[in-house]
Amino acid sequence: MITPSASTLGAPGIPLDVILTWLQQHRIHGIELRLTAGEIADPHMGIPARDDLGRRIDAAGVQVTAIASYVKVAAPGPDEAVLAELIQAIDFARDLGAPMVRVFPGADIRPAAFTEVPPLVESRAEVDERAARRLSAVTSYAAGLGVLPVLETHDSHPTGKDVARILNRVDGPVGVVWDVLHPWRVGEALDETWKTLAPWLTTGRGCVQIKDADMPASSTPVPIGEGSLPTEEFGQLLVRNGYRGPVTLEWEKAWYPQAAQLDIALDSVRTWLDRHWEKDIN
């Protein structure tokens, strides 16, 4: 089944009860919690606060589909700091009943056009090995807690091929987040991204993110179907290939305050979901 979800990235500063009401109104049954200080899911929350957060979400009939951390597994620097942050995010996911923790690649890059895969400062082999080593170090611990680290197509590794290079080197269970924007913007065809990431996406080890914007003129989020991203083709591909799992609206209002409120975006994604899946939605 498809689980419609939305990230709290789309509602900075908005109270949880308001977000949950919006989700209920639009029949969105999942929530991706952005793990950052000062927001609904603050990494410094104690256990009682985490328990209360989980109870409020559950009482609304909403499930936590993922914890969106900002851990950069390919970033330079000591492993210890990255691993400590990653374990903290995994523990947070465990406490909220989230099955996945999103991580970024985050290697250092050189300047590049928005439509180009950025060149790495270090060698590809060194960067990929570092990311795989760090992920391998936590897979057993995460699996014991029922949590899966999932690597997003993003920043230094925007394509499915980029991410798969790392995942194929990891010792232990990991997964993927397919952000529809990044592979597409650098020229990787939807079919190619799917073919590369299918081993994870067809086995319940990941999720997909939907968004839209009037690229390349503007990266400000717009309702699904009003921008230039291939959202219709994306939905058709997922249906055609029998994708089952979370489909998360990543409405980046935290980065683009001029974007409409999350409830406007939820209305558009609900229409998009109904058009492609009709009754096949959790």
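Structure above, values below:
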| quantity | calculated |
| --- | --- |
| Karplus (6.51, -1.76, 1.60) ³J(HN,Hα), θ = phi - 60°, over the range 244-249, in Hz, Gly and Pro reported as x | 10, x, x, 10, 9, 6 |
| Integer Hz, Karplus 6.51/-1.76/1.60 couplings in order for the range 271-276, x for Gly and Pro | 4, 4, 4, 5, 5, 9 |
| Mean separation of Cα contacts under 8 Å, 6 or more apart, over the residue count of the range 1-111: relative contact order % | 26 |
| Cα-centre dipole for the chain with unit charges at Cβ (Lys and Arg positive, Asp and Glu negative), debye to 20 | 500 |
| Amide hydrogen neighbours beyond the local backbone of Ile109, cut-off 5 Å, H modeled | Val121 |
| Residue with peak Gaussian network fluctuation, the chain [Cα springs, cutoff 10 Å], from Pro221, Pro230, Pro183 | Pro230 |
| Relative contact order (percent, whole number), the chain, Cα cutoff 8 Å, 6+ residue spacing | 21 |
| Built amide H within the under 5 Å cut-off of Thr3, gap 5+ | Gly245, Val247, Asn282 |
| The range 1-19-the range 180-247 distance, computed between alpha-carbon centres (Å) | 19 |
| Amide H contacts under 5 Å for Asp179, placed H, 5+ residues apart | Thr153, Gln209 |
| Candidates per chymotrypsin sites (Phe, Trp or Tyr not before Pro) in the range 90-180, loop by DSSP, up to 16 other Cβ within 10 Å | Phe114 |
| Rounded to whole Hz, the Karplus (6.51, -1.76, 1.60) HN-Hα couplings of the range 228-240, x for glycine and proline | 9, 5, x, 5, 5, 5, 4, x, 4, 5, 5, 5, 4 |
| Pairwise Lys count, the chain - Cα closer than 23 Å, eight or more residues apart or different chains | 8 |
| Exposure proxy order (Cβ contacts within 10 Å, fewest to most) of Met1, Met215 | Met1, Met215 |
| Estimated 222 nm signal from helices in the chain, with DSSP H stretches of n ≥ 4 weighted -39500 (n - 2.57), rounded to 500 | -12500 deg cm²/dmol |
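No lab work stands behind these numbers, since they all come straight from the coordinates. Predicted model only: the values in this text are computed from it and were never measured. Ideal geometry is used to build each Cβ from the backbone, glycine not excepted, and the neighbour counts take in all protein chains shown.
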